Amino acid sequence: MTTEIEAPAGWRVETRTRLSTIFAVISLVLVLVLTAAPFLVSRGVIQDLFFILTMLALAQNWNLLAGYAGLISVGQQLFVGCGAYALFGLVILAGLDPILAIPLAGLFAMIIAVPTSFVAFRLYGPYFAIGTWVIAEVGRLLFAQWKMLGGGTGTSLPREATREMLGISLLQDWFGMRASAAADALAYWLALALAALTIAFVYKLLRSKQGLGLAAVRDNETAARALGVDARKLKTAIYLLTAFLTGIVGALIYLQKARISPDAAFSLTDWTAYVVFIVVIGGIGTIEGPILGVIIFFLLQNAFSNYGSWYLMALGGLAIVTMLFAPRGLWGLICDRTGWELFPVRRLLKGGPLRQDDKGGPNG
Amino acid sequence: KDVAIKLGYVSPQTGPLAAFGEADKFVIDAFLATTKGMGLNYEVVVKDSQSNPNRAAEVAKELIVDNEINLMLVSSTPETTNPVSTTCEAEEMPCISTVAPWQPWFIGQQGNPGDPASWKPFNYAYHFFWGLEDIIAVFTGMWGQIETNKKVGGLFPNDGDGNAWGDKVVGFPPVLEKLGYGLTDTGRYQNLTDDFSAQINAFKQAGTDILTGVMIPPDLTTFWNQAKQQGLKPKIASIGKALLFPQTVEALGDAGHNLSTEVWWTPSHPFKSSLTGETAATVAEAFTKATGRPWTQPIGFAHALFELAVDVMKRAEDVGDGDAVAKAIGKTKLDTLVGPVAWGSDKLPPFAQKNIAKTPLVGGQWRLKSGGGYDLVVVENSLAPNVPLGGKLEALA
Amino acid sequence: MPILELNAVSKSFGALVFAENIGFCVEPGEALGVIGPNGAGKSTLFNLISGNLSVATGTIHFDGRDVTRQPPMQRCLAGMGRTFQIPQPFDQLTVYENLLVAGAFGAQARESEVAGLCADILVETGLIAKANMPAGSLTLLERKRLELARALATKPKLLLLDEIAGGLTEGECRQLVATIKRVHQRGIAVIWIEHVLHALTAVAERILVLNFGRVIGVGDPETIMASSEVREIYLGMEV
Amino acid sequence: MPSLIETRALTAFYGDFQAIFGVDIRLDAGETVAVIGANGAGKSTLMRSIAGIITNRAEMILHRGEPIGALAAPDVVRRGIALVPEGRKLFSSLTVEENLQVGAYGRSVDGPWTLDSIYRLFPILKERRRNPATALSGGQQQMVAIGRALMSNPDILLCDELSLGLAPVVIKDIYAAFSKISAAGAAIIIVEQDIAQALKVADRVYCMMEGRVTLSGQPAEFDRADIHAAYFGAEPNELH
Amino acid sequence: MSFIDTLLQGVLLGGLYALFAAGLSLVFGIMRLVNLAHGDLIVLAAFLILVIVSTLGLDPFVAAVIAAPLMFALGWVLQYHLLNRTLGKDILPPLLVTFGLSIVIQNGLLEGFTADSRRISAGALETASVSLGNISAGVMPLITFASAILVIVALNQLIYRTALGRAFRATSDDVVTASLMGIRPNSIFAIATGLAMVIVTIAALYLGTRANFDPTAGPARLIYAFEAVIIGGLGSLWGTLAGGIILGVAQTVGAAINPEWQILVGHIAFLLVLLFRPRGLFPRAAD
Ligand SMILES: Nc1ncnc2c1ncn2[C@@H]1O[C@H](COP(=O)(O)OP(=O)(O)OP(=O)(O)O)[C@@H](O)[C@H]1O
Ligand SMILES: Nc1ncnc2c1ncn2[C@@H]1O[C@H](COP(=O)(O)OP(=O)(O)OP(=O)(O)O)[C@@H](O)[C@H]1O
Ligand SMILES: [Mg+2]
Ligand SMILES: [Mg+2]
């Protein structure tokens, strides 16, 4: 694959670095190893990995919205909840296989996002943030009225639904897994695929023309519009897309939990606040940041969550300290030290008939 | 054998429901000391649900998969018991649950709560507590003690408890109708509502003498103050959940006097621990001594959970085999600190017989003590005549 | 057929009128200068032409089509490039990426198709040394150049320039004039608001004078500069 | 008697980037001094350093002989040094009149400048005084910015790129106002790109290039070639 | 009749929401600071009042007067040393820092005061009422409403009539330029947050006497406070009052139709307002 866009008159535009090429190879290997994980490690580890991967997918989605499109939403729990409820509805009321229901759940979340975007995109900045929060609350309250799925009480997935899921019997037959372990493995693979595809997709998007337009809209919407960028269309597309992906993640998470209630599925803390925390600790506006952030979050939770309120206080404290001393997150710090870019998106202009001594220029 | 039997325990120890988990540490410390003295080797892995259903499901899974426990114990409100029980059922992990009326626990875990035909019993999840039929009997028993117009106002929120209480099939409405009470139910309000004037107006219009419901403490305070400001003067107010803890009653100031509530356990309950032989009174006293806090109702049930655990594990053919343990649970017949516990009773509807065991319930009324503070006086015991009465129901001022 | 035609365009903010019955044409390839006292409504006029403000009455035709009700984006795509009096760079993008946005979207091309063009524009506007720097780090004057460069990258048929010569040294000003002349010679029509008159008159073929939102004169530079009204209200010379 | 303002080997940085390298300038009572130079020469940086937006080592800037280099802007204003910043920088949520009033926040001393006298200087502002400052045109905004700085009745007025974007008639007006301001007792430093204009009003001129002073003296002393040399280091060279 | 009663109760409830929101509005208007810890700060103030009441045996109103300067100091310190460093064009840093703060306050209170739900007793006032015709209104809600109006009048005077108020607004527009006017932005912001905390204390007094509170009670009402601020429009305090009233009335009217819809109708009213007036009812001219 060529790494440059050829431009006439001796100019070169580079986005890829040597490091990023090496990293691409490493990550491919990593994905392969992770794919084999259910055969290599205990169920406990698989469950931890599932948690990490689903949170990572949520974080990448939120990062795409906030870090790249400038849409600081605090209402992403709406889509987690909608996806989860759609899954339960489809499985319990329509008798669909959960695996088939998952993409439909994403679709449902996306459909919900259409009217939502209409309201939300009239708002800017903090108004947008609060607006999305309120919309998510409306979602929670509406689902709490859905008596068929337990209203405010919530409901559980029937055991058979997950037991007899597509592919479970295959796994049982081929690898002699227990049903619950097979269900775990299946959910894990879905989460892995989702996280990997999300990252690949986000990266691809950022390197595309649309990604450039998105960055422009984030930085200055008026100017972007004046230069022919269809800001509204771009933002809506990203919003719908993240709704779709977030909905799928939500469905997956609640397939694994097997129990849902409006308060849990539409939880601001669990599905948005922690996700924001992950992204910001890691480094917003980078693909590397959320990956780093989710690992830190997981380690923290594993090590300290038994300390109850002290753990939460420490978490809050860490959020504050990060924002004050490393506003660009951990990856920002690393980047400043080392200049690493694992997912470079900058288009750097090189070569051409340039004076060689221009500092900061293409050859400087 | 020197391998410890591992018990997993989940309860809300922090967050809004933390009052329920207050006695956990005390109970578990005492349990470990007792079993050690008896030469039994038990280990308890305690997890905090942080009052959050998402977290409850997560820690349950951790306990099962990472800690490889032998038996799950879970306590306090459907927000914690239901996700944990559901997880156990999926993971084929035997589980004993308590401190949630059985309907929200059982029906709340069914795929379609609206369709009784689809309800199925569980293989691994068992629950002991009382049910709505009991609380209805207790409440109406109390209401019968004084002269009223039999008009009842109901305050049921849209949460696990509220939906069950207000349910048209298993909840208050059908029974009250049968007993000749007229119920004004304005609908399921959302928890943490700031204004109850709609309900108050409806109750005033209906001229209700009796108020009932299952409320969280802040909502009760808001409602009660507003009711007084707007001149709603019922003769009786029997409210579930909000009035469990003395602190919340004290928070009402003098207005808490003569409010009535359900009572699941008091130091005067005539039961003994099967583990230690202590009476309810001694356990409550020991708690107050150890923590400096007044006794609360969850103490007895937390204690009973561990009694059951020991009993079940003794009888289980193989403590490492989930199915064997679940079988042992099903066959339990034990006199605990909260009364006799036995699953499979024919007093329950057929669908619930397998997984539900019932403990006795009585009714009580909070009375201002002369020196300040409140006493909980048992005023109704028809379901459990062996619990001594402390007086008769008094009308609100 | 004129490239731009305004017909009886009016606009007011509340009770104050800032464009009143404005009508004029710009021919393809023409360079029109706009002058007027501060607050005359020059930037407002640009905002009306580019669609950042909507007109109250009147019509605007661009390249033969009625664009009166079109949003700024559409007008940009139709071939109108503008600079803002207060520069609006994309701070976190590099200077080069700023141009790529304009090239890729404004000129509706693939990135690779405009990559070279954008680089050449950077050379032409003297920004090439800063090509890979974030635009947020530019100084005010560099930002103004970036405005011009970005507008050029949209491959406009009509270029709207709002005060880009202010604050330049004589040498820089000469360079700028040369650049604009080159652009103009390629057949791009230019409307240029400028207070630096010697720069403006070096390029403009006609000059339009605004005062209180009204056109008070259009004509070739010499005539306009000689008019007593302009001398009095704009140049401040006693007549 | 010490100078009103004196800088001694002043240096200034933006992060790692050094914008000024050892600048010495001086302003005496009653003087008007012009600072000229190409874009990026460091003129604005010099103004910001004096005004306290960029802080330096204390001894680098002396005010009446006292070191003030380390003072932050609010303290510098209190000593009677006011800056009209590059690009006007009006407060958009305040009306014209409030913008003027806020100028006297840190230092309200008696002096020639009051709301009334500023309205006399720029009558158009009186008409528009209830308008939000952003609704004014560029020139009107510049007037407000000058008026705002004057409200603290400064002894020293620093003006950065006053004529940028103004119609000739307004530039004329504003420079006409300078003689009044100067007459009212303030010493003035102006940064100006329009050399002819600057040389006309200044008593002394400093020319800066790449963060250093390359030429200083009285306007009458130089010719165009000197200035060109000082601007560009050598012969005027066209880049392309 | 019952309709008028519904309306009246809604308006009075709106007074409470406006009080919750007024401090937020001040801080939001001046610093664009979205303070997610606002609700927790109200609870913190409520605990402070409670401690003063129970240790010194004072009347809650007197206790609030003592608590107010303490809260002012807390707000000052918080802003000066912490929040000032997060201000800027980006709304995310304050969002995250105040979220962190919210968690810290909640769990700190939990450690200090346990999860018990508490209440500040206002004695007989709690249940006192006045009857207007055949509807009756509680005395406490009336006092709450009057306090809300008082607070907003006072704040408006401060912001639009005094030099300090001008300094607030100027600093909010442009920190660097404000410092050129002799304004010390850090202390100006700190004073603003201090003032907001005084209002928070007043809100806490009424929250604490109206219903139970516990360490986690803060966030539940934060959203109403934000809604009130946004309905009103950035920086408009009267707008905030209007926003509070709109929310309150929407809730009681919704409840009168069916209590299931009470809170939902409030949110929907908010969204409707924004659909037609995206910058709120009384936005400031420029932003
Ligand atoms: N949003 C607005 N609201 C109210 N008045 C406005 C608004 N925008 C501009 N104005 C007014 O419109 C008039 C014209 O402003 P405009 O910016 O077009 O002037 P201009 O001719 O470009 O001046 P300059 O040469 O100083 O840039 C001014 O008097 C200004 O006060
Ligand atoms: N905020 C900043 N951050 C980084 N570098 C800066 C900043 N402001 C100015 N500079 C750099 O400092 C140097 C001097 O800038 P300064 O603004 O003082 O120049 P100037 O003489 O005022 O130029 P102009 O005529 O363009 O206003 C320039 O190289 C500029 O790039
Ligand atoms: Mg203009
Ligand atoms: Mg400058």
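The values are calculated or read from the model by the stated rules, or taken from the named source; none is laboratory data. Computed from a prediction, not measured in an experiment: that's the story for all the values here. Note that we place each Cβ from the backbone using ideal geometry, even for glycine, and neighbour counts take in every protein chain shown. For the accessible areas, the whole protein counts, side chains as well, though only heavy atoms, and no ligand, DNA or RNA atoms are used. Shrake-Rupley method; radii C 1.70, N 1.55, O 1.52, S 1.80 Å.
Put a dot 7 Å past each Cα toward the Cβ at A:Gln172 and C:Ala8; how far apart are the dots in nm?
Each label point is offset 7 Å from its Cα along the Cβ direction, giving 8.2 nm.
Are there trypsin sites (Lys or Arg not before Pro) in the stretch B:357-397 that DSSP marks as loop and that have at most 14 other Cβ atoms within 10 Å, and which are they?
Values: sites: B:Lys358, B:Arg367, B:Lys369, B:Lys392; in loops: B:Lys358, B:Lys369, B:Lys392.
Listed in order of number, the matching sites are B:Lys369, B:Lys392.
Counting protein heavy atoms only and a 1.4 angstrom probe, how many square angstrom of accessible surface do chains A and E bury in total, to the nearest 100?
3500 Å²
Nearest 0.05, what FRET efficiency do D:Phe21 and B:Ala117 give at R0 = 60 Å with Cβ-Cβ as r? Don't skip to the end; give the middle numbers.
On the way: r = 88 Å, r/R0 = 1.46.
About 0.10, to the nearest 0.05.
Using the alpha-carbon atoms, what tilt in degrees (0 to 90, nearest 10) does helix A:18-40 show relative to the longest principal axis of chain A?
10 degrees
Given a Förster radius of 30 Å and the C-beta distance between D:Phe13 and A:Val321 as r, what FRET efficiency does 1/(1 + (r/R0)^6) yield to the nearest 0.05?
Details: r = 27 Å, r/R0 = 0.90.
For R0 = 30 Å, the calculated efficiency reads 0.65.
Which percent, to the nearest 5, of DSSP beta bridges fully inside chain B are antiparallel?
Of those bridges, close to 30 percent are antiparallel.
Within the stretch E:187-201, what residues put their amide N at less than 16 Å from the label point 7 Å along the Cα-to-Cβ vector of E:Leu56?
E:201, by backbone N distance to the label point.
With every protein chain left in place, what is the accessible area per residue of the stretch C:92-154 in square angstrom, probe 1.4 Å?
On a per-residue basis, 26 Å².
Just to verify a number: FRET efficiency for B:Ala281 and B:Glu92, C-beta to C-beta distance, R0 = 35 Å, to 0.05?
So, using R0 = 35 Å, E works out to roughly 0.30.
Span-like helices, chain E: DSSP H, alpha-carbon axial extent 20 Å or more, mean Kyte-Doolittle -1.0 or greater, which ones?
E:2-31, E:38-56, E:60-81, E:92-113, E:139-161, E:185-210, E:218-232, E:237-257, E:262-276
Please figure out what share of the DSSP beta bridges in the protein assembly as shown is antiparallel and state it in percent, rounded to the nearest 5.
Counting only bridges with both partners in the protein assembly as shown, antiparallel ones make up about 50 percent.
Quick check: from the Cα gyration tensor, does the protein assembly as shown come out rounded (a/c under 1.5), prolate or oblate?
prolate
Just to be sure I understand the model, the point goes 7 Å from the Cα along the line to the Cβ. What's the resulting E:Ile268 to C:Asp66 distance in nm?
With each label placed 7 Å out from Cα toward Cβ, I get 4.0 nm.
Which angle from 0 to 90°, rounded to the nearest 10, does the C-alpha axis of helix D:138-150 make with the longest principal axis of chain D?
For D:138-150 against chain D, the angle is about 90 degrees.
Carbon and sulfur: what percent of the protein assembly as shown's accessible surface (1.4 Å probe)?
59 percent
Work out, step by step, the length gained on full extension between B:Asp318 and B:Ala290: first 0.36 nm times the residue separation, then minus their alpha carbon distance; give nm to one decimal.
Roughly 6.5 nm would be gained on extension.
Leaving out ligands and nucleic acids, and using a 1.4 Å probe, what accessible area per residue does the stretch A:11-346 come to in Å²?
Per-residue value: 35 Å².
Show that you can apply the helix-only estimate: for the protein assembly as shown, add -39,500 (n - 2.57) for every DSSP H stretch of four or more residues, divide by all residues, and state [θ] at 222 nm to the nearest 500.
-15500 deg cm²/dmol, from helical runs alone.
Does the stretch A:277-339 classify as rounded, prolate or oblate by the C-alpha gyration tensor (a ≥ b ≥ c root eigenvalues; a/c under 1.5 gives rounded; else a/b over b/c gives prolate, otherwise oblate)?
It comes out prolate by the Cα gyration axes.
Return the distance in nm (one decimal) between the two label points of a simple spin-label model at D:Arg57 and A:Arg346, each offset 7 Å from Cα along Cα→Cβ.
Going by the 7 Å Cα→Cβ label model, 3.3 nm.
List the GluC sites (Glu not before Pro) within the stretch C:118-178 that DSSP assigns to loop and that have no more than 11 neighbouring Cβ atoms inside 10 Å. Walk me through the numbers on the way to the answer.
Details: sites: C:Glu124, C:Glu142, C:Glu147, C:Glu163, C:Glu170, C:Glu172; in loops: C:Glu163.
Passing both the DSSP loop test and the Cβ count: no residue.
Using a cut-off of under 17 Å, list every residue of the stretch B:52-67 whose amide N is near the label point 7 Å from the Cα of B:Glu43 along the Cα-to-beta-carbon line.
Answer for the stretch B:52-67: B:62-67.
In percent, how large is the relative contact order of the stretch D:5-232, given Cα pairs closer than 8 Å and 6 or more residues apart? List each step's numbers first, then the result.
Working: 443 pairs, mean separation 63.4, N = 228.
The normalised contact order for the stretch D:5-232 reaches 28 percent.
If one takes the longest principal axis of the Cα atoms in chain A, at what angle in degrees, from 0 to 90 and to the nearest 10, does the Cα axis of helix A:98-120 lie?
60 degrees
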